[in-house]
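Single-structure report; data block below.
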Amino acid sequence: MKYVIASDSFKGSLSAIQVGRAVKQGILHAHPEAQVKIVPMADGGEGTLEALLYANRGHEMRLQVHNPLMQPVLAKYAVFHQDGKDIVFIECAQSSGLPLIAKNQRNPMNTNTYGLGEQIKDAVQRGYRHFIISLGGSATNDGGVGMLQALGWNFFDKKGQLIRNTGNPLLHIHSFSDTNKLPQLDACTFMAATDVINPFYGPHGAAFIFARQKGATDQEISVLDTAMQKFEQLLTEQYGVSVQTVSGAGAAGGLGGSLAACLQAEITSGAELIMQHTNLEEHVRKADIVITGEGSLDEQTLLGKVPIAVAKLAKKHGKLVIGIAGRIDTDLNSLNAYLDAVFSIQTECLTLEYALTHDIAYKQVEVTAGQIAQLIKKLSL
């Protein structure tokens, strides 16, 4: 029996690679003769870079940049060769992610994406010209202004004074110029990978949907949304691109919008992009059973996150596909439209805090996978 394990991370507990290893151990304990291939998945958020590197997609580059509070942090990106060209893959969470900031310091009124711009600039100056930027897990809501500052854009306040690269520069913008942008950018191509389809601003935009979880109050969310509206108007005037109409422009606090307008980036599905670059379809084609999952199978899952994207691919090739999760919080009939069966890993009554610990989550994934493999083994006899 051949298994492919293509799970997303269980956020707060296990990385996608760790989930894969736990599932593999469970399967082999029940069915030692089974062949198990781990292909970690991600949707553009945290863990995307790790999934690519695990799939032997290129080599890792490291450099010191600034985190969302403009403090030094070591970040990495990957470079891999495909279709005759070198492609740089940058995960925005490496420089702009929530985990880089202590919980009591999180507030998108004070954070920016300057570090992401430093990563891009470093790769450009090394001679690379093709980029994939994964968007997700950011601590920011600056509309990508910090990133643009690092790449040479100049932003000015009402008095015509140059805005510094501290705090959230979005809040003070009255005008901007790209005269001093890095000239090599004109020869670069960009793709932005995300599972988010939110617009730049408005009730379903970056601020109202995501800023609260980044530390903003209701009043601050309104201020951020107003600033996003104003910046969108400036981008439209300068580049003739209404980023409000671009699906996913609100990803990572508006990074999607700036990438689309200023760097002509194409915004694409993070899950589908990772499946392509990890050669998942080839592995699925050779498999008998596909196991996928994420921390919570819920309404967001049904919008096209990793488990649904993997399930569609499995069904394309007529494979049995099973979902696992720490929590199942949506209609099972909706999930079963894509997944042949779904299982919660919770095998005993635990507090949420305890259930989320690494060792407990790992063991519960292993036990659940073992039970799935045990049943499949019996049915195949």
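Here, each number is a calculation from the coordinates, and none is a lab measurement. These figures come from a predicted structure and were not determined experimentally. Here Cβ is always computed from backbone atoms with ideal geometry, including for glycine, and neighbour counts include all displayed protein chains.
For the pairs Lys286/Lys315; Lys24/Lys319; Lys103/Lys158, flag any whose C-alpha to C-alpha distance is greater than 23 Å. Could the numbers behind the result be given before it?
Working: Lys286/Lys315 13 Å; Lys24/Lys319 18 Å; Lys103/Lys158 33 Å.
Pairs exceeding 23 Å: Lys103/Lys158.
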Residue by residue through the stretch 77-90, the couplings from Karplus 6.51 cos²θ - 1.76 cosθ + 1.60 with θ = phi - 60°, in Hz, x for Gly and Pro, are 9, 10, 10, 9, 9, 8, 6, x, 9, 7, 10, 9, 10, 10
Using DSSP to define loop residues, name the GluC sites (Glu not before Pro) in the stretch 1-87 whose beta-carbon has at most 16 other beta-carbon atoms within 10 Å.
Glu33
Whole Å is fine, so just give me how far the alpha carbon centre of the stretch 253-287 lies from that of the stretch 305-354.
22 Å
In whole Hz and in residue order, list the ³J(HN,Hα) couplings for the stretch 145-162 that follow from phi through the Karplus curve 6.51 cos²θ - 1.76 cosθ + 1.60, θ = phi - 60°; x for Gly and Pro.
5, x, 4, 5, 4, 5, 8, x, 5, 10, 10, 10, 8, 4, 8, x, 7, 5
Helix 358-380 versus the longest principal axis of the chain: what is the Cα-based angle in degrees, 0 to 90, to the nearest 10?
50 degrees
Virtual paramagnetic centre 7 Å along Cα→Cβ of Gln105, amide N under 17 Å, in the stretch 133-152:
138-141
Between Asp186 and Gln276, what is the FRET efficiency for a Förster distance of 22 Å, r being their Cβ-Cβ separation, to the nearest 0.05?
0.25
Per-residue Cβ neighbour rank within 10 angstrom, fewest leading, His130, His29, His66, His204:
His204, His29, His130, His66
List every residue whose amide H lies under 5 Å from the amide H of Gly144, counting only residues 5 or more places away in sequence or on a different chain, with H placed 1.01 Å from N in the peptide plane.
Leu255
Amide H of Ile38 versus every other amide H placed in the peptide plane: which residues, excluding those fewer than 5 positions away on the same chain, fall under 5 Å?
Ile5
Go through the stretch 157-220 and name the trypsin sites (Lys or Arg not before Pro) that are in a DSSP coil and have 10 or fewer other Cβ atoms within 10 Å of their Cβ.
Lys158, Lys159
Give the peptides 244-250, 217-223, 346-352 in descending order of average Cβ contacts within 10 Å, highest first.
244-250, 217-223, 346-352
Can you list the residues, at least 5 places off or on another chain, whose amide H is less than 5 Å from the amide H of Tyr201, using H built in the peptide plane?
Ala206
Work out how much length Gln229 to His59 would gain on full extension: take 0.36 nm times their residue separation and subtract the Cα-Cα distance, in nm to one decimal.
57.3 nm
The stretch 206-220 - phi-based ³J(HN,Hα) in whole Hz, Karplus 6.51/-1.76/1.60, Gly and Pro as x:
4, 5, 5, 8, 10, 5, 4, 5, 9, x, 7, 7, 4, 5, 5
Dividing the helical contributions, -39500 (n - 2.57) per DSSP H run of n ≥ 4, by the residues of the chain yields a 222 nm value, nearest 500 deg cm²/dmol, of -10500 deg cm²/dmol
Centre separation in Å (Cα based) which lies between the stretch 184-199 and the stretch 53-131
14 Å
